[in-house]
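The values are calculated or read from the model by the stated rules, or taken from the named source; none is laboratory data. Because the structure is predicted, anything quoted here is derived from the model rather than measured. All Cβ positions, glycine included, derive from the backbone under ideal geometry; neighbour counts span all protein chains shown.
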Amino acid sequence: KAGVTQTPRYLIKTRGQQVTLSCSPISGHRSVSWYQQTPGQGLQFLFEYFSETQRNKGNFPGRFSGRQFSNSRSEMNVSTLELGDSALYLCASGIAASLTGELFFGEGSRLTVL
Amino acid sequence: SQQGEEDPQALSIQEGENATMNCSYKTSINNLQWYRQNSGRGLVHLILIRSNEREKHSGRLRVTLDTSKKSSSLLITASRAADTASYFCATDRDTDKLIFGTGTRLQVFP
């Protein structure tokens, strides 16, 4: 069974640009969560989708957005990039409707903003 | 915001020794999970303990939970160099999302 796939793995952008990250969950998983990981702030919850609906959102500005498609694949977008957006963005999928069961993480997308 | 705080922040031990890391949290929970992350990689689920459980084992891992003290500990017995990683606890505050702690960086020297 394939794991959670995130693309791209690495990317470099400049301030002001926008970026779209993609996540394909494990087959059969309908919940997809996104986390931002930085050395200073640790793992911060961004948002969670279940059956194409955003069920929960973390405390991030509106520049951070996401969506989920009917096949459960998810994308997150960051517009007007800032230096502080440099981070490892992790996607996780879950099998249960509950948001607090075991999560299966992808390898992450490492974003560098110059 | 972090719900959990791991202690210590960093731990260095020799192969064969036991490693103990602790997690404290602030609000009531339904369950607590431990995850492992190798440098720059994704997180891997290790174990989940429910609020009505006090201890759980999985291979060389032993997790305890004390809800009265709002704390949990993860014990790795007979550690190996391959156990070198960061370890995070995660709690389900408000039952609507998992909140991760700050992590403990474990270094196991051969």
Run A:Arg55 past the list (1) farther than 15 Å from A:Leu21 by Cβ; (2) facing chain B (nearest Cβ under 8 Å); (3) buried (at least 18 other Cβ atoms within 10 Å of the Cβ) and report the number of the one that doesn't hold. (3)
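Is it the case, given these coordinates, that A:Glu48 is facing another protein chain (nearest Cβ under 9 Å), within 30 Å of B:Ser51 (Cβ to Cβ) and in contact (Cβ under 8 Å) with a residue 40 or more places away in the chain?
yes
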Take the residues in region B:34-43 that are more than 7 Å from chain A (Cβ to nearest Cβ) and of a type outside the set (Gly, Ala, Ser), then tell me which one is surrounded by the fewest Cβ atoms within 10 Å (Cβ to Cβ). B:Asn38
So which strands (runs of 3 or more DSSP E) stay within region A:6-100 end to end and still have 2 or more residues that are at pLDDT 95 or above and of a type outside the set (Gly, Ala, Ser)? A:10-13, A:19-24, A:31-38, A:64-68, A:74-78, A:87-94
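So, in region A:22-47, of the ones that are among the hydrophobic types (A, V, I, L, M, F, W, C) and within 19 Å of A:Ser70 (Cβ to Cβ), which residue ends up surrounded by the fewest Cβ atoms within 10 Å (Cβ to Cβ)? Walk me through it before giving the result.
Applying the first criterion (among the hydrophobic types (A, V, I, L, M, F, W, C)) to region A:22-47 yields A:23, A:26, A:32, A:34, A:43, A:45-47.
Pick out the ones that are also within 19 Å of A:Ser70 (Cβ to Cβ) and you get A:23, A:26, A:32, A:34, A:47.
Working: A:Cys23: 27, A:Ile26: 18, A:Val32: 28, A:Trp34: 25, A:Phe47: 22.
Checking each candidate, the answer is A:Ile26.
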Does any residue in region A:1-14 that is within 11 Å of A:Gly108 (Cβ to Cβ) come within less than 6 Å, Cβ to Cβ, of a residue that is at pLDDT 95 or above and among the basic types (Lys, Arg) six or more places away or on a different chain, and which pairs are these? A:Tyr10/A:Arg110
Tell me yes or no: at least one residue of region B:97-104 is touching a helix residue (DSSP H, G or I) at 6+ places or on another chain (Cβ under 6 Å), closer than 24 Å to A:Phe50 by Cα and either basic (Lys, Arg) or touching a residue at least 40 places away in the same chain (Cβ under 8 Å) (or both). yes
Go through the residues of region B:45-64 one by one and say whether even a single one is crowded, with 22+ Cβ neighbours inside 10 Å and touching a residue at least 40 places away in the same chain (Cβ under 8 Å). no
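Which of the residues belonging to region B:10-33 are among the polar types (S, T, N, Q), more than 10 Å from chain A (Cβ to nearest Cβ) and surrounded by 12 or more Cβ atoms within 10 Å (Cβ to Cβ)? Don't jump to the end; show me each part of the working.
Within region B:10-33, the subset among the polar types (S, T, N, Q) is B:12, B:14, B:18, B:20, B:22, B:24, B:27-28, B:30-31, B:33.
If we keep only those that are more than 10 Å from chain A (Cβ to nearest Cβ) too, we end up with B:12, B:14, B:18, B:20, B:22, B:24, B:27-28.
Within region B:10-33, B:Ser12, B:Asn18, B:Thr20, B:Asn22, B:Ser24, B:Ser28 qualify.
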